[in-house]
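Reviewing the structure listed below.
The values are calculated or read from the model by the stated rules, or taken from the named source; none is laboratory data. In this text the structure is predicted, and so the values were computed from the model without any measurement. We place every Cβ from the backbone using ideal geometry, glycine too, and count neighbours over all the protein chains shown.
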Amino acid sequence: MKYVIGIDLGTTNSALAYAEIRPDADPFDTPEVRLMDIPQLVNPSEVRDEPLLPSSLYVPGTTDFPVGSLALPWDAEPPFVTGRLAQKRGVENAGRLVASAKSWLSHAGVDRTAPILPWNAPEGVPKLSPVDASSRYLDHLRRAWDAKITDAPFTEQQVLVTVPASFDAVARELTLQAAERAGFRDVTLLEEPQAAFYAWIERHKDWRERVKLGDLILVLDIGGGTTDFTLIAVTEQQGELALERMAVGEHILLGGDNMDLALARLVAGELAEKGTRIDTLQLHALWHNCRIAKEKLLAPGARTKEQPVTILGKGTGLVGGTIKATLRREDVDRVLGEGFFPRVSSSEMPQRARRMGLQEIGLPYAADAAVTKHLAQFLRQQASSAEHERVRRGPSGLAAPTHVLFNGGVLHARLIRDRLIEVLDAWLMAEGFGPVQPLAGEDLMHAVSRGAAYYGLARHGRGVRIRGGVPRTYYVGIESAMPAVPGMASPLKALTVAPFGMEEGSSVRISGREFGLVVGEPAEFRFFSSSVRKNDTPGAMIEDFGDDLQELSPMEVNLTSTDGTGTVPVSFETVVTETGVLQLWCVARDGRRWKLEFNVRERVAQ
Amino acid sequence: MGRISLAIRSFFSILFSGSLPEDGLIKLGLTRRGAPKAQTASPPAVPRPADGALQMLSILQRDARLIDFIMEDIAAYTDDQVGAAVRGLHDQARESLARYVKLEPVIDGVEGTFTKPALSDPAVVKFVGNVPVGKPSGGLLRHKGWRAGKIDLPPLNPKQDSSILAPAEIEVE
């Protein structure tokens with residue numbers, strides 16, 4: 001093993017960074033982390049190195065590309081196109097494009113191992129499962145590595161793949177499956193906001209002088225498609241500063257793409273008022289151009305108050321068919337400032353989606369676009385978990401960060417960073433605290449992959465590790481033994497099987513409760529998680545949990561035994577592996593063990 | 001054929017055509033090294049000189065719609081309309097040109113200042129104005145000139161007709 005490889009498997013873009021493992025290196029020296037450019041098709045017949053691999057996959061048909069124009073250095077005829085070309089062609093023919101596969105991976109409303117993507121593909125287009133699509137991106141990265149770095153085969157290196165902190169146990173398991181399917185061998189999962197923080201440490205050798213004991217760092221990660229919050233506390237361990245991940249937020253499907261689309265819709269609305277209607281393809285062009293115009297308007301030192309946005313004519317008549325519009329700075333300020341980052345008080349919670357009788361299955365996009373309200377909810381939720389005395393809190397219970405670290409492409413814009421700091425400062429002032437300190441992060445696009453590679457080295461003893469453990473509490477549902485009442489489901493209780501913060505490489509036996517499992521028949525357990533309840537200890541039985549618990553895919557175990565049939569009394573044992581994977585085991589009195597597996601299929605059938 | 005006649009024919013053959021006559025070779029039991037094989041059909045994949053030019057045009061059309069713009073009759077449109085279309089086109093054309101051809105000035109100086117050129121090749125430096133007889137010692141740099149530093153065009157797909165600069169587009173409703 002020569003290198004550790006950090007892979008940021010993003011919703012819209014993926015990146016790869018690596019660092020050399022040198023046992024002889026000075027342990028206090030910050031290791032050098034390098035980025036690898038990723039060869040990919042950018043046009044038919046044109047393979048080019050790009051710093052990012054767009055997480056887009058295109059299922060080519062016979063009329064899509066000229067014969068032989070999809071050859072990659074490692075595959076003369078790939079069945080799918082991944083990367084920039086897929087993204088480009090997908091705009092022209094959306095029915096064959098797989099995008100946001102990662103969001104589908106965490107969406108419990110669909111069977112994530114069934115071929116369902118592209119979601120709106122016409123009849124006859126071969127489909128992939130969200131797991132397959134994710135594994136295709138990872139496969140591309142593996143082969144790209146082997147094509148570029150010839151002295152160290154990918155499968156012999158240690159690999160870290162990042163996942164959103166908000167990914168639950170099922171989504172993490174599925175990510176691992178995707179990695180295995182892509183031929184990965186030695187994989188560890190790491191949470192993205194933690195990786196972003198590692199990247200900051202990697203860039204600041206003197207980090208111990210920049211934070212002190214008792215500090216609370218809020219990592220705000222706003223990417224193209226998702227928003228993710230994490231709190232990291234600075235603690236002390238054997239007289240040394242240590243870091244501990246305290247809380248992670250819920251999975252919010254809200255990001256930069258939504259913001260650019262909101263701007264495009266605004267411009268499209270203005271055009272419609274003037275009598276110019278645009279179609280879907282043109283809206284896509286407008287979306288893209290609005291992003292560019294927005295970046296120009298928000299660039300440091302930009303003085304212009306408006307930027308022209310144009311949609312070029314479709315036919316050979318370029319000038320004649322051009323639609324001209326303007327994106328004004330004030331519109332950008334208004335849409336972003338009021339729509340996505342409004343000044344709100346820390347008690348304003350995001351609106352919940354109305355429950356419709358028949359909900360269209362698709363990605364569960366955030367119902368409320370206000371990132372600041374989601375942030376308020378996140379910091380408020382920490383109020384209910386009083387066991388963490390290391391979390392600095394205001395009189396109202398609001399978790400009060402001392403520092404903030406930004407990550408994700410959206411936060412390149414100073415306007416948005418300033419607004420977030422302004423809102424946080426107002427909340428802190430109301431709680432009687434001073435302003436929050438921004439930690440200067442650079443390279444917001446690559447921080448996650450860089451940080452992942454750094455963490456890989458940390459596991460080899462170089463560098464500091466953030467202690468975290470399982471970011472949620474996990475439960476198994478148990479139907480209470482009560483007489484059934486017609487028209488009402490029998491009340492459900494929840495048995496705590498994994499406490500919040502359970503550390504990697506540890507296990508816990510849930511004693512005092514046994515289940516009789518019939519040999520030869522699959523037994524299924526309903527499985528729940530909570531990011532709010534943090535005080536439940538293993539074995540604790542919870543009743544009346546309301547909205548605190550979220551149901552995940554059920555878990556299933558099939559007892560096969562050599563000594564015939566019958567009922568075996570078993571108890572649960574929870575294991576968190578060194579690679580951060582949560583496992584539930586059924587253990588018989590005589591020590592025999594069976595692993596519970598997620599059943600992502602069953603959920604959909606219900 | 002006598003030895004003398006062979007020697008004389010060989011002498012003149014080498015003197016005028018640089019090689020031994022065919023029958024002389026046979027007589028002496030020699031074979032030509034690397035003799036030209038019978039003209040087999042050359043593979044169609046050999047790039048024609050025009051391919052690179054067509055490829056560049058095709059790239060500028062694909063990325064910046066340059067051919068559309070140049071071929072369009074813009075006389076009827078207002079400067080405003082032309083300007084709106086050209087801004088985006090300009091950004092794109094510049095980006096792709098920079099990507100595939102590294103452009104650099106022939107003389108890296110400031111236009112309008114006195115410059116002494118190192119070369120006097122008229123293809124590299126052009127003197128204008130009151131040019132004296134012989135090589136002028138220098139003058140005001142009017143235009144820095146352009147040189148293609150590094151050309152980095154993607155390989156051509158041998159199965160593709162390079163004369164197609166842009167495919168026709170049909171939108172399926």
Count of segment A:346-391 residues which are at pLDDT 85 or above, under 19 Å from A:LEU428 (Cα atoms) and not aliphatic (A, V, I, L, M)
9
Given the structure, is A:PHE65 crowded, with 18+ Cβ neighbours inside 10 Å, of a type outside the set (Val, Ile, Thr) and more than 27 Å from the chain's Cα centre (by Cα)?
yes
Based on this model, can you work out whether A:ARG526 counts as in a strand (DSSP E or B) and out of contact with any helix residue (DSSP H, G or I) (no Cβ under 7 Å at 6 or more places or on another chain)?
yes
Got at least one residue in segment B:145-154 being among the basic types (Lys, Arg), over 30 Å from A:LEU41 (Cβ atoms) and part of a loop (DSSP other than H, G, I, E, B)?
no
Within segment A:1-41, considering residues that are among the acidic types (Asp, Glu) and touching a strand residue (DSSP E or B) at 6+ places or on another chain (Cβ under 9 Å), the one modelled with the lowest pLDDT:
A:GLU32
Of everything in segment A:46-59, what is of a type outside the set (A, V, I, L, M) and buried (at least 19 other Cβ atoms within 10 Å of the Cβ)? Give them in sequence order.
A:PRO54, A:SER55, A:SER56, A:TYR58
Which numbered condition B:GLY109 misses (of (1) within 11 Å of chain A (Cβ to nearest Cβ); (2) modelled with pLDDT of 85 or more)
(1)
Name the residue that is farthest from the other protein chains (Cβ to nearest Cβ), counting only residues in segment B:43-81 that are acidic (Asp, Glu) and within 22 Å of B:ASP152 (Cβ to Cβ).
B:ASP51
So which residues in segment A:184-230 are surrounded by fewer than 18 Cβ atoms within 10 Å (Cβ to Cβ) and out of contact with any Leu (no Cβ under 6 Å at 6 or more places or on another chain), if there are any at all?
A:ARG185, A:ASP186, A:HIS204, A:LYS205, A:ASP206, A:GLU209, A:ARG210, A:LYS212, A:LEU213, A:GLY214
May I ask you to list pairs of residues, at least six apart or on different chains, whose Cβ atoms are under 8 Å apart, with the first in segment A:278-298 being on the phi > 0 side of the Ramachandran plot and within 12 Å of another protein chain (Cβ to nearest Cβ) and the second being at pLDDT 85 or above and exposed (fewer than 15 other Cβ atoms within 10 Å of the Cβ)?
none
Taking the condition over 26 Å from A:ASN289 (Cα atoms) and either within 13 Å of chain A (Cβ to nearest Cβ) or crowded, with 16+ Cβ neighbours inside 10 Å (or both), does B:ALA84 pass?
no
Looking at segment A:23-88, what strands (runs of 3 or more DSSP E) fall wholly within it and have at least 1 residues that are within 14 Å of chain B (Cβ to nearest Cβ), closer than 19 Å to A:SER134 by Cβ and not β-branched (Val, Ile, Thr)?
A:38-43
Every residue from segment A:63-75 that is more than 24 Å from B:VAL172 (Cβ to Cβ) and at pLDDT 90 or above
A:ALA71, A:LEU72, A:PRO73, A:TRP74, A:ASP75
Scanning segment A:231-274 for residues that are farther than 29 Å from A:GLY408 by Cα, part of a loop (DSSP other than H, G, I, E, B) and at pLDDT 85 or above gives A:LYS274
Report every pair of residues separated by at least 6 positions or lying on different chains whose Cβ atoms are under 7 Å apart, first residue within segment B:156-167 and of a type in the set (D, E, K, R), second in a loop (DSSP other than H, G, I, E, B).
B:LYS159/A:PRO66; B:LYS159/A:VAL67; B:LYS159/A:GLY68
Please enumerate the residues belonging to segment A:43-80 that are of a type in the set (A, V, I, L, M) and free of Cβ contacts under 8 Å to residues at least 60 places away in the same chain.
A:VAL47, A:VAL67, A:LEU70, A:ALA71, A:ALA76
Residues in segment A:299-312 that are more than 12 Å from every other protein chain (Cβ to nearest Cβ) and not hydroxyl-bearing (Ser, Thr, Tyr) total 7
